[in-house]
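The values are calculated or read from the model by the stated rules, or taken from the named source; none is laboratory data. What you see is a predicted model; the values in this text were computed from it and never measured. Using ideal geometry, Cβ is built from the backbone for each residue, glycine included, and neighbour counts are taken over all protein chains shown. The protein model used for the area step is the full one, side chains on, heavy atoms only, and it has no ligands, DNA or RNA in it. Shrake-Rupley method; radii C 1.70, N 1.55, O 1.52, S 1.80 Å.
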Amino acid sequence: MKVLIAGAGWLGYPLFLKLTENNSNVFYTERNCKGQEGKCIKIDFNLDKWNLTRDYDVIVCCLPPNKIEDYPSVIRNLTHYCKSSGHFIMSSSTGIYEKSIEIVTEKSALNEDSKLYLAEKELIDNFKNFSILRFGGLIGYDRHPIKYISAKSTFDNAKSPVNLIHQDDCIAIIAEIITNKIYGIYNACSPEHPSKIEYYSKMAEKLNFPFPKVIKEGLQENKEIDSSKLLQDLNYQFKRSIFDCDDYNFS
């Protein structure tokens, strides 16, 4: 099975390493290839010409939308490099949903003006066998919001729930979807939803970060992401608690 990971960044490259444990026919893209010789394809997706063949069984798009000028067009064009019988997997975000104070499922209202919405629509309209994973906030290893929260003087929306997912679970979910050829749209977020004040104050203590002194408890946006469809269809059990902190390294 020939696999392409488009975008070997914080999520894409660890995913490449995981998939190569059982498959030697996995490739990835970077703007500047400095890693695995013969496995990295040098591509700038903001340019028109891509050095890709059109014979991939699986394409996993881990490109960051905010760094791609015309992200929806890139998604549409990328589908042309996957076999018609292949599997296209898109890493999306729960940021696609409208602001809400309800529990959010895959059927909840979407922000139709967002780049993510337009990109998902391109994939849905142009490819048959697709999977869209709407990840919560990404955490793990060298990445955690407490780094940025600790630099602020004010902490807003303290009572709102957190919606996060560890890198290890992102990778495990993608691998499971590839192996079992599971198609559809899924929220992917830890089932743990403590309030922001409960979670981030505890993580600040655990990771030795200062915490803002001014706390605002407003409920400007209080959505909670429901990933029960993913748990049921994949029979998935989350591997990492969002409170795990033994392997963080911010140096």
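Residues of the stretch 128-173 being farther than 23 Å from L19 by Cα, part of a strand (DSSP E or B) and hydroxyl-bearing (S, T, Y), which ones?
Passing the criteria: only T154.
Kindly evaluate E21 against the criterion of being within 15 Å of I174 (Cα to Cα) and acidic (D, E).
Yes, satisfied.
Give me the residue from the stretch 82-104 that is of a type in the set (S, T, Y), part of a strand (DSSP E or B) and open to solvent by 20 Å² or more (accessible area, probe 1.4 Å) and, out of that set, nearest to S190 (Cα to Cα).
S93
Filter the stretch 84-101 down to residues that are over 15 Å from the mean Cα position of the chain (by Cα) and under 18 Å from T29 (Cβ atoms), then give me how many there are.
2
Please tell me if T154 is open to solvent by 60 Å² or more (accessible area, probe 1.4 Å), of a type in the set (S, T, Y) and either touching a strand residue (DSSP E or B) at 6+ places or on another chain (Cβ under 7 Å) or at pLDDT 95 or above (or both).
no
Per-residue answers, yes or no, for (1) touching a Gly at 6+ places or on another chain (Cβ under 8 Å); (2) of a type in the set (D, E, K, R):
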| site | (1), (2) |
| --- | --- |
| N163 | yes, no |
| P191 | no, no |
| K206 | no, yes |
| P212 | no, no |
| K216 | no, yes |
| D244 | no, yes |
| F250 | no, no |
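Which one is surrounded by the fewest Cβ atoms within 10 Å (Cβ to Cβ), of the residues in the stretch 209-236 that are assigned to a helix (DSSP H, G or I) and not basic (K, R)?
The selected residue is Q232.
Mind listing whichever residues of the stretch 28-81 are under 20 Å from the mean Cα position of the chain (by Cα), open to solvent by 20 Å² or more (accessible area, probe 1.4 Å) and among the hydroxyl-bearing types (S, T, Y)?
Once the filter is applied, which keeps residues that are under 20 Å from the mean Cα position of the chain (by Cα), open to solvent by 20 Å² or more (accessible area, probe 1.4 Å) and among the hydroxyl-bearing types (S, T, Y), the stretch 28-81 yields only S73.
Against the condition at pLDDT 95 or above, buried (at least 20 other Cβ atoms within 10 Å of the Cβ) and of a type in the set (D, E), how does E112 come out, does it pass?
Judged against the criteria, E112 is not a match.
In the stretch 179-190, how many residues are open to solvent by 30 Å² or more (accessible area, probe 1.4 Å) and touching a residue at least 40 places away in the same chain (Cβ under 8 Å)?
So the answer is 4.
Does E176 fit the bill of being assigned to a loop (DSSP other than H, G, I, E, B) and open to solvent by 10 Å² or more (accessible area, probe 1.4 Å)?
When the stated conditions are applied, E176 does not pass them.
Test of understanding: among K206, K239, which residue is in contact (Cβ under 8 Å) with a residue 12 or more places away in the chain, part of a helix (DSSP H, G or I) and not aliphatic (A, V, I, L, M)?
Every option except K206 fails the conditions.
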